[in-house]
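The numbers here are math on the coordinates, done by the rules we state, and not lab data. It should be emphasised that the depicted structure is a prediction, and the values quoted were computed from it without experimental measurement. A quick note on method: Cβ atoms are made from the backbone with ideal geometry, for glycine too, and the neighbour counts reach across all protein chains shown.
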Amino acid sequence: MAVDSLLDSVKWDDKGLAVAIAQNVDTGAILMQGFANREAVATTLSSRKATFYSRSRSTLWTKGETSNNFINVHDVFLDCDRDSQEDEGDNLALTSLYALESTISQRKTELTGENEKPSWTKRLLLNDKLLCSKIREEANELCQTLENNEDKSRTASEMADVLYHSMVLLAQKDVKIEDVLQVLRLRFSQSGIEEKRSRFSQKPLDH
Ligand SMILES: N=c1c2ncn([C@@H]3O[C@H](COP(=O)(O)OP(=O)(O)OP(=O)(O)O)[C@@H](O)[C@H]3O)c2ncn1[C@@H]1O[C@H](COP(=O)(O)O)[C@@H](O)[C@H]1O
């Protein structure tokens, strides 16, 4: 969206202000909430640093201008009522994935301890062969929900199984979910076909 048309579509209040919320791009955690006017949003978009309007000082301020702790803006969105704008976040609620990552990591620390509580995660962490066979099995079950035209809820459930078991493998390899998200983010601006073509420029594509 062009800057002017974005600014025109905001429902500014009678003082020309709207609520501005900066969220973490992955977790959705709120980093800062304040007010913005047209100039603050335009500055945010041009500088890619979250900039607000201070009602007490009647001036623009960029978070981090004194502390150097800038909020780097990945993207700007309007909420559905168009009376607030969100910086930095794409509003993905990934907190559940981080919570699951934390549970799995906790189980890993318990592997050598006295805690004999039965745990499927621990069984997987202690047996790479079982872990890999479960990931393959769950991926196959996910595909079958498409091939056999199964209910949407079956697809969601099988994807949950794939995600969970794959996340145990990530933990086994000491790879963080954030590392995976970072790879996905880097691919945002690139078509998969183009990326593959750049790797196999001599070979025909198989997809
Ligand atoms: N998300 C999961 C999760 N998803 C699946 N599973 C287990 O994975 C195992 C294999 O799942 P399947 O559906 O394949 O079960 P199956 O018996 O092979 O059945 P079918 O293949 O016949 O369908 C089962 O024991 C499931 O309970 C999970 N086990 C754990 N978690 C998460 O991990 C946390 C810690 O679990 P524990 O390590 O067991 O304490 C839990 O609180 C959950 O948040």
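Remark on the chain: hydrodynamic radius 20.8 angstrom, per the Kirkwood mean of 1/r across alpha carbon pairs. Helix 152-172 and the longest principal axis of the C-alpha atoms of the chain enclose an angle of approximately 80°. Farthest towards the positive end of the charge dipole of the chain, among the residues 164, 30, 106, is the Cα of 106, using unit charges on the Cβ of Lys, Arg, Asp and Glu. Subtracting the Cα-Cα distance of residue 178 and residue 58 from their residue separation scaled by 0.36 nm leaves 39.4 nm. Mean separation of Cα pairs under 8 Å and 6 or more residues apart, divided by the residue count, gives the chain a relative contact order of 15 percent.
Footprinting exposure proxy ranking of 9, 105, fewest other C-beta atoms within 10 angstrom first, gives 9, 105. Among the trypsin sites (Lys or Arg not before Pro) found in the stretch 144-193, those both in a DSSP coil and sparsely packed, with 11 or fewer other Cβ atoms within 10 Å of their Cβ, are 173, 187. Charge tally for residue 113 (other residues, Cβ to Cβ under 12 Å; Lys, Arg +1; Asp, Glu -1): +1. In whole percents, the pair-distance distribution calculated for the stretch 15-78 from its alpha-carbon pairs, binned every 5 Å from zero, is 4, 18, 32, 27, 14, 4, 0.
What is the diffusion coefficient of the stretch 135-207 in µm²/s, taking the Kirkwood radius over Cα pairs and the Stokes-Einstein relation at 10 °C with a viscosity of 1.306 mPa s? Rounded to a whole number, D works out at 108 µm²/s.
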